Amino acid sequence: MHTNQEPNRRLGWAVDIDDMLCPTALRVIEEVFEIFPVENITPKELRDRYDQPGNVPAWQEEGPKKLMSELLNDRQFMAMLPVNPEALDVIQRIGDQGLIHAFITSRLHDLKAVTEEWLVKHDLPQARLITRHFGERNPNWKLRHFDTETDKVIGLLDNSPDAFLDTEKLDFKKIWLNETEWWAALSPPPEIIKCRTWGEVELVLLEIQMRLP
Ligand SMILES: [Mg+2]
């Protein structure tokens, strides 16, 4: 007989979407590059070097900034983002164990429906989808969102170190996955687990899982 009566059992992980499950920054960089090309470098190299399109020194003018913002709020562009196959493998395996609590994204509520359809289309595990409301600008809003649900969330997986700013006292695991050079020199505080690949993330998740009560 099925039972949910496992005491102290936390429900699962919260997972960020952009640059975790899909290569959002790279796709935006490719589109901006079409209109505002940068000499002697490829879009992929820009992504590796600067992580996000907004960090590219040549794109600090109004034109490129406006285009980036338009793309990130364009339903069709977001709907067409490819899924990252390594992420899909790992998240499906973790999901099969019932350990995905929610997908949480800084995309605004306007993009909720298209994001939900995208998750279904790519066969990601069923879980809540939490989008950002317009007024929420704290970079660490995701972990703060779960302040009242500490019994349901094991931790957050996110590509941005800003997601973990000033959250050292929160009782969550914090896994930071980022493979670009931009962050390579940064040392996270000891309570943040830094991974460079989805393979590393899966090993860390399994290790944490084994130690849970
Ligand atoms: Mg992200």
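The values are calculated or read from the model by the stated rules, or taken from the named source; none is laboratory data. This is a predicted model, so every value here is computed, not measured. All Cβ positions, glycine included, derive from the backbone under ideal geometry; neighbour counts span all protein chains shown.
Descriptive notes on the structure:
- Region 54-68, residues that are over 28 Å from Cys195 (Cα atoms) and assigned to a helix (DSSP H, G or I): Ala58, Trp59, Glu62, Gly63, Pro64, Lys65, Lys66, Leu67
- Of all the residues in region 87-99, those that are surrounded by 14 or more Cβ atoms within 10 Å (Cβ to Cβ) and in a helix (DSSP H, G or I) number 8.
- Residue that is surrounded by the most Cβ atoms within 10 Å (Cβ to Cβ), among those in region 100-151 that are small (Gly, Ala, Ser) and free of Cβ contacts under 8 Å to residues at least 40 places away in the same chain: Ala113
- The residue of region 170-179 that is farthest from Asp48 (Cα to Cα), among those that are crowded, with 19+ Cβ neighbours inside 10 Å and within 16 Å of the ligand (Cβ to nearest atom), is Lys174.
- Members of region 39-53 that are in a loop (DSSP other than H, G, I, E, B) and over 15 Å from Ala184 (Cα atoms): Glu39, Asn40, Ile41, Thr42
- Among the residues making up region 145-169, a single one is part of a helix (DSSP H, G or I), away from the ligand (no atom under 13 Å from the Cβ) and modelled with pLDDT of 90 or more: His145.
- Candidate set from region 7-47 (those that are modelled with pLDDT under 95 and not hydrophobic (A, V, I, L, M, F, W, C)); member that is nearest to the ligand (Cβ to nearest atom): Gly12
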